[in-house]
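What follows is one structure encoded as structure tokens, with my remarks underneath.
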Amino acid sequence: MLKQYLQFKLSQKLSPQQIQLMKLIQLPTQAFEQRLKQELEENPALESGKERSDDFDDTFDNSTDEYNDNESINSEDINVDEYLSDDEIPSYRTQANNYSSDDEEKNVPYAAGTSFTQYLTNQLNTFRLTDEEREIAEFLVGSVDESGYIRRDLLDIVDDLAFTQNVYTDEATVEKVLHKVHQLDPAGVGARNLQECLSIQLHRKEKNADTELAIEIIDTAFEQFTKKHYKKLLQKFDITEQQLKDAIDEIEHLNPKPGGSYSGNNRIVEHVVPDFSIKIVDGELELTLNGRNAPELHVSAEYNNMLKGYKASKEKSKSQKDAVLFIKQKLDAAKWFIEAIKQRQQTLFVTMSAIMHYQKEYFLTGDERKLKPMILKDIADEIDMDVSTVSRVANSKYVDTPYGTKLIKEFFSESMTNDQGEEVSTREIKKILETVIEEENKKKPLTDEALAKILKEKGYPIARRTVAKYREQLDIPVARLRKKI
């Protein structure tokens, strides 16, 4: 049985141009340059550089919203005079005096090199291995994760070798080959867990009293070591506090993630290019937008001449009419792109300017405790833009400051009320918490409850569970794991 329903739905649709503008705003400098290059390649009516048409005017109809690809355009309706004028030529340059040139940053290097897996595989050539051992070794190397570990059971690897490589072997043989993999650089690679990783590195080191004791601790008392039960370690090995301290110092200088030390890892490292720069000039803040976001663009003079030819011809053939339709579309697209870039620059500059003034005290001092509570809506209301627009700027852009290059979203934080009834940034509380922990007695680290009490005395009444949350966000371990002998 068929039923008919009448349903009303209220929805807001963005035009293709608005969507493209939002995407342009979201792009950081380097990605924007790639997008610009793509547009220049796809639209012959758009050109870069200082040269531009001597006769082209800004008066042509920017009417891309008035039609789409499914609608036919009548060439007779096109008023070519709208595209041609003898008036003074407008500048399509989008540079202004608040953009820096940044010419020296045109070429941005990338980290290059062989992959971590290939680096390890190449080292296998220095070992004398049978064909079977080599296949097993290469499979093991291929199982090493980005941290440098093999986190799979050897029985699973035995099964995979049989199913995928037609290599039929046993667990003992795989373990024998694994010990050869453990001889590869960086030291500790191929370990199955942290204990094995540290042990491999210690056995590689030059032997002395400290390393010998460190090996004993890791191999026979790893659990007591990780839980920092120092009294039990002193009793177990019958040693002095100084001997234990020296052995622990040896262990703390080891690398728990040997894979991360290889610069040619599978990840491509991209250098950060700041989208903005903030400087202090005569005690005042000065904001500039990276000049690479302000290209010089103009409409092609050649396309302008094509329109002139169309206007001058008495008989307009079908091919000429088709050509002028194509030209109109390309000119409209070029005009829109130029305007979109201007809007992008204005949006970026206005948004960052509002953030800079909102956090003026921080940018003048560099003191993170001066960061005011600030959420996206605060800036959106300030500049009368949508929260999503501010988010697009904050989440993907960097600013060069006198205190280093920062991701803009780092300046945003929630607020809480102190005992004076004033709103303070949670970032400020985290900074104070970090300072208190740095200054604590490491022989008797402060518990979360003790930290909450200290913060309350400083005027920040927060609960113990909130202290625990902030401590975890700062990647600081619990008191027991911060204990030092």
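The values are calculated or read from the model by the stated rules, or taken from the named source; none is laboratory data. None of these values were measured; they are calculated from a predicted model. Reconstructed Cβ throughout: ideal geometry from the backbone, glycine too, with neighbour counts over all protein chains shown. Ligands, DNA and RNA are stripped out before the accessible areas are found, and what is left, the full protein with its side chains, is counted by its heavy atoms. Shrake-Rupley method; radii C 1.70, N 1.55, O 1.52, S 1.80 Å.
Brief remarks on what is shown
- Amide N of the stretch 180-202 lying under 17 Å from the label point, which is placed 7 angstrom from the Cα of N208 along Cα→Cβ: 202
- Listed residues E449, E368, E42 arranged by accessible area, highest first, probe 1.4 Å: E449, E42, E368
- Once all protein chains are placed together, M22 keeps about 40 Å² accessible to a 1.4 angstrom probe.
- Residue separation of S388 and K342 scaled by 0.36 nm, minus their Cα-Cα distance, works out to 14.7 nm of gained length.
- Proximal charge balance of D384 [Cβ under 13 Å; K/R count +1, D/E count -1]: -3
- Karplus 3J(HN,Hα) series, Hz, for the stretch 364-373 with 6.51 cos²θ - 1.76 cosθ + 1.60 (x for Gly, Pro): 7, 10, x, 7, 5, 6, 8, 5, 7, x
- Exposure of F127 as accessible area (Å², to 10), given a probe of 1.4 Å and all protein chains: 50
- Other residues whose C-beta falls under 13 angstrom from the C-beta of E250 contribute a net charge of -3, scoring Lys and Arg +1 and Asp and Glu -1.
- Annotation: extensible slack from R369 through E434 equals 22.3 nm (criterion: 0.36 nm per residue apart, minus Cα-Cα distance).
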